[in-house]
Amino acid sequence: MKGARLQQRALVLEIAPKSKERPRFNGRVAHLSHAYRDWLKNCSALMSEWWIDPPLDEVLCLHCHFYGVARGDNDNLIGSVMDAGNKIIWRDDSVDVIKKIIALHTKTKRSESHIRLEVIWKT
């Protein structure tokens, strides 16, 4: 893209980081826990308040800094955020759309838990 400019936005999500759940199978259908579905809904709502543009077709870099108690793995923490941002900030969370991901974790008190997102894309 000739003349394309890099754009960048940062957001602090006042929500405790949560690892992505694997669906559970109850014998008939796969499902996610109510707690995880509620977390996804709340995280998506926070993102929707902040991101008012159409979902991006290409994200050059998604930088996520998780602050909270030390639980889970970075890949599972980033997975939940990527799911929450689908169709809101980015069109899809595939590697075709999100080119690079940086995930960091800083241990904090539960009361100080939050997520800082930085999204970088071209216009």
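Among the criteria (1) modelled with pLDDT of 95 or more; (2) surrounded by fewer than 12 Cβ atoms within 10 Å (Cβ to Cβ); (3) touching a strand residue (DSSP E or B) at 6+ places or on another chain (Cβ under 6 Å); (4) over 26 Å from Arg5 (Cα atoms), the one Ser113 does not fulfil is (2).
Looking at this structure, is Ile102 β-branched (Val, Ile, Thr) and within 13 Å of the chain's Cα centre (by Cα)?
Values: β-branched (Val, Ile, Thr): yes; within 13 Å of the chain's Cα centre (by Cα): yes.
So Ile102 passes the test.
Return yes when His105 is in contact with an Asp or Glu (Cβ under 8 Å, 6 or more places away or on another chain), in a strand (DSSP E or B) and not aromatic (Phe, Trp, Tyr) and no when it is not.
Details: in contact with an Asp or Glu (Cβ under 8 Å, 6 or more places away or on another chain): no; in a strand (DSSP E or B): yes; not aromatic (Phe, Trp, Tyr): yes.
It is false that His105 is in contact with an Asp or Glu (Cβ under 8 Å, 6 or more places away or on another chain), in a strand (DSSP E or B) and not aromatic (Phe, Trp, Tyr).
Take the conditions outside any strand (DSSP E or B), in contact (Cβ under 8 Å) with a residue 24 or more places away in the chain, buried (at least 16 other Cβ atoms within 10 Å of the Cβ) and in contact with a Lys or Arg (Cβ under 8 Å, 6 or more places away or on another chain) and apply them to Leu77. Does it pass? Before you say what the answer is, go through the steps one by one.
Numbers: outside any strand (DSSP E or B): yes; in contact (Cβ under 8 Å) with a residue 24 or more places away in the chain: yes; buried (at least 16 other Cβ atoms within 10 Å of the Cβ): yes; in contact with a Lys or Arg (Cβ under 8 Å, 6 or more places away or on another chain): yes.
It is true that Leu77 is outside any strand (DSSP E or B), in contact (Cβ under 8 Å) with a residue 24 or more places away in the chain, buried (at least 16 other Cβ atoms within 10 Å of the Cβ) and in contact with a Lys or Arg (Cβ under 8 Å, 6 or more places away or on another chain).
Of the candidates Lys18, Lys87, the single residue that is of a type in the set (D, E, K, R), under 15 Å from the mean Cα position of the chain (by Cα) and farther than 15 Å from Ile115 by Cα is Lys87. Looking across the stretch 12-71, the residues that are over 15 Å from Gly85 (Cα atoms) and among the hydroxyl-bearing types (Ser, Thr, Tyr) come down to Ser33, Tyr67. Taking the criterion of being among the acidic types (Asp, Glu) and either assigned to a strand (DSSP E or B) or closer than 17 Å to Ala16 by Cα (or both), the only residue of the stretch 80-102 that qualifies is Asp83.
The values are calculated or read from the model by the stated rules, or taken from the named source; none is laboratory data. In this text the structure is predicted, and so the values were computed from the model without any measurement. All Cβ positions, glycine included, derive from the backbone under ideal geometry; neighbour counts span all protein chains shown.
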